[in-house]
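Values quoted throughout were computed directly from the atomic coordinates according to the rules given, and no laboratory measurement underlies them. Keep in mind that what you see is a predicted model, and the values were worked out from it rather than measured. Every residue, glycine among them, receives a Cβ derived from its backbone with ideal geometry; neighbour counts consider all protein chains shown.
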Amino acid sequence: MELLGKGKKVLLGNEAIARGALEADVDVVTTYPGTPSSEIADSISMVARYLKSVGKEVPFYFQYSTNEKVAIEFASASAYVGLRALTCMKHVGMNVASDAFMTYAYVGCRGGHVIVTADDPSCHSSQNEQDNRLYAKFASLPMLEPSNPQEAKDMTIKAFELSEELKLPVILRITTRVAHARGVVELKELNMKKKEGKFEKGGLAVTVPEVARKLHPVLLEKMEKARKISNESEFNFIEGNGAYGIITSGVSYNYVKEAVDDLGIECKIFKIGMSYPLPDEKIADFLKECKKVIVIEELEPFLEEGIKVIAKEKEIDVEIFGKGYGSLKRYYEYNPDIVYSTLAEFFGKEWKKENIEVNVAPRPPVLCPGCPHRATYYAVKQVAPKDTIYPTDIGCYTLGLLPPYETADFLLCMGSSIGTGCGFSYATKQKVISFIGDSTFYHAGLPALINAVHHNHNFVVVILDNSTTAMTGHQPHPGTELDGMGNEALPIDMEKIVRGIGVKHVEVIDPRNLKEAKEAIKRALEYDGLSVVISKAPCILLERKLKKERKLYQVNQEKCKKCKICITKFACPAFYMDENEVKINPALCTGCGVCPQVCPFDAIEVVE
């Protein structure tokens, strides 16, 4: 297996972090999957499964936790008793985990604990583009930021050492472009051993107010030590010469380097890899040597504001430019064009963007051919009133937003569809149907459903149970029979949970049977009170893995009336028009068997 090899390998940034954890002899890895972080934990999961398959002991424990808060809590206990732990999540997962790690910073750890946050500038796969560097300052925790896969591996190892030295968890902050970049990474020796922690009583770890008041000054003392470490860190370095300076970090450093070389700019570059606490003394010395400085960083002016404070406190007379200069904005990710044009303006260089026109047809994301969610949405739209409100949630099914389904009206975060469903059902007289996936239901839907039951709210919850965490790569969740290490796990019965918390009207349907699905949804809409419909059918990609043969369908052109309902209303991507004939692409057809139920003229038939 490549991740267990030696020498130089081409790895994703996320895979490099996983390898760094293995080289650091990590003991515990926890996560809730979320792009762009998913491959970190998936790589660890594959290593565990591979070692089991060849009869070797797995020297670490791995878990896909119910949510990010639980992932932090599990790992914090492990690190507190002296084991090394890694917890990874996407940026919005830090919001879920923050309730735990804000106080965890006070308590600290004995073993190293690295918390990876994968930020997503430009919202490639997220509902916002928050800058989690602010969490380092908010929680008073050290933070490292790699710029490439090799640094990602090296910083992961260093983060464990730093965590143990400071007795604090350390944040490793990456972004989408670092997480998914590929680069050559040097793999060193692995020396993984199974270890056991020991809880030592007598520590200040129960944060009642009296204890918390004592721990906060201790935390600040640790961060003062971290500030000194930052000033000596090998990840904070200066290169180049000149009277002008550039300060940068993360993926922006790569764009800066290219621009400086291509534009022939003579300057000094301060690359900050340990970005909290800032290396204030080193920054002050850098500023003193520059006539003017520009800060290149994505999203918030995190470095810029800290640098300006240092300049003010040290009474350094230097112009510092950042957000608002040239093309530098507080939103979206940067790219070479943004950095080239900004630095050309700053240094008085000529640069003209090459306009290469590429005519690419827009291609919005779509549900896979055979996806059971399509059948659910189609059934719902057949029976629900036109003004029905559809709160939705985080998952593949968020694509219900798009025509022709248009079954997504409001979204905040994981689990919000049920909480906002409570609110909409109270505040309006309209019907409300909330959609939530199975993994999301276990993650954050349960508390809101309990709230709905307790307060007698009147609306419909449709749980789209496709037996996996589909959107992020088919990771297991509490409803599956295997865990992330391939061990047998106890699947949590969703229907029993729903009935157990007091929901009276509960139906389980297979959405691929459209007639029964429509009847069940209609009954749920007519019920006076809270009703739950569990729409249960496996992700079609799981089905394809299990089935060697599948039925294929074709359109009988003699029966087809060109009504195009299969295209305009059902919208399966396997359908297409060819010279005024409706056809099915056999390469895309998964044989789910729903489209024959959609056609009013029985024109869709099995290929014999």
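Values as computed for the structure displayed
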read-out	value
Coil-residue GluC sites (Glu not before Pro) of the stretch 399-506, DSSP, other Cβ within 10 Å capped at 13	GLU406, GLU481
Angle between the chain longest axis and helix 68-80 axis [Cα atoms, degrees, rounded to 10]	40 degrees
Percent RCO, i.e. relative contact order, over the stretch 553-606, from Cα pairs under 8 Å lying at least 6 residues apart	49 percent
Restricting the stretch 177-243 to chymotrypsin sites (Phe, Trp or Tyr not before Pro) in coil, as DSSP defines it, with at most 12 other Cβ within 10 Å	PHE199
Contour excess over end-to-end distance, with Cα ends at LYS193 and GLU488 and 0.36 nm allotted per residue	103.9 nm
Gain on full stretching of the segment that runs from LYS353 to CYS563 - 0.36 nm per residue minus C-alpha separation	70.8 nm
Relative pair counts by distance (%), Cα atoms of the chain, 20 Å bins	18, 45, 32, 6, 0
Burial order of peptide ranges 263-276, 206-219, 519-532 (average beta-carbon count within 10 Å, highest first)	263-276, 519-532, 206-219
Cα-based helix-to-principal-axis angle, 13-23 vs the chain, degrees rounded to 10	70 degrees
Nearest 10 degrees, 0 to 90: helix 38-53 Cα axis against the chain principal axis	80 degrees
Cα gyration tensor category, rounded, prolate or oblate, for the stretch 440-588 with a/c compared to 1.5	oblate
Inter-site label distance for LYS551 and LYS386 at 7 Å from Cα along Cβ, in nm	3.5 nm
Ordering of 580-587, 379-386, 130-137 by packing [mean C-beta count within 10 Å, highest first]	130-137, 379-386, 580-587
Segment GLU2-ASN580, length gained on full extension (0.36 nm per residue, minus Cα span)	203.1 nm
At R0 = 35 Å, FRET efficiency that the Cβ-Cβ distance of GLU315 and VAL206 yields, to 0.05	0.20
Computed [θ] at 222 nm, helices only, for the chain once each DSSP H run of length n ≥ 4 contributes -39500 (n - 2.57)	-11000 deg cm²/dmol
Cα-projected label distance for GLU281 with ASP261, points at 7 Å along beta-carbon direction, nm	3.3 nm
Distance between modelled label sites at GLU221 and LYS52, nm, 7 Å Cα→Cβ extension	4.5 nm
Under 18 Å from LYS52, Cα to Cα: aspartates and glutamates that are on another chain or at least 8 residues apart	GLU2, ASP25, ASP27, ASP42, GLU481, ASP483, GLU488
Modelled FRET efficiency - R0 30 Å, GLU516 with ASN128, Cβ distances, 0.05 increments	0.20
Dimensions in Å of the stretch 486-565 - Rg and Dmax from alpha carbons	18.2, 53
